[in-house]
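Comments concern the structure below.
Every read-out reported here was derived from the displayed coordinates using simple, explicitly stated rules and does not represent laboratory data. This one's a predicted model, so the numbers in the text were calculated from it and none came from an experiment. Cβ placement follows ideal geometry from the backbone for every residue including glycine, while neighbour counts extend to all protein chains displayed.
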Amino acid sequence: MTEHENETARVHCPILPGMASRYPPVVLWICALVFLGTAIVFTVMPQDMFAPLGLTVPDGAPLTELRAVYGGLELAIAVFLLFCARRGGVALELGLLLSFLSFSGLAAYRGIGMGIDGPQVPLMSALLVSEAAGAMFALSGLLVRARGSSNG
């Protein structure tokens, strides 16, 4: 391959032709749905969500706090991501960046916690893998978007 062909191969999206413009918004919609689903589940049944981790959440203020953080904050992220997906343009990039940073932060601090706190329940490892996969998925959308933007 010539240098120009190598450069072209690196710039073009490895997915089907014509999908490069549709891939980033689809990634963002999926990320938004993950956050929305998490918000709904933690709002409706927060005690059930913490039980597999060995946590018993008492009624009252502790339960309200968990609903606020795991329900309210996740819902706010989901709504923002949906807004970005619908708006397009630079908003799409910002939504993908927030998705990447959110999933990365969750995975990083879960990993740090697992390293500091020792052996964990199997669910903790599954969550770590899911969050890392979410981060890579969001990053793939961001990279495809950036490459598409640089190609004009």
Distance between modelled label sites at residue 40 and residue 83, nm, 7 Å Cα→Cβ extension
2.1
Evaluate the distance, in nm, between pseudo-label points positioned 7 Å from the Cα of residue 57 and of residue 21 along their respective Cα→Cβ axes.
4.3
With a ≥ b ≥ c the root eigenvalues of the C-alpha gyration tensor of region 22-150, is it rounded (a/c under 1.5), prolate (a/b larger than b/c) or oblate?
oblate
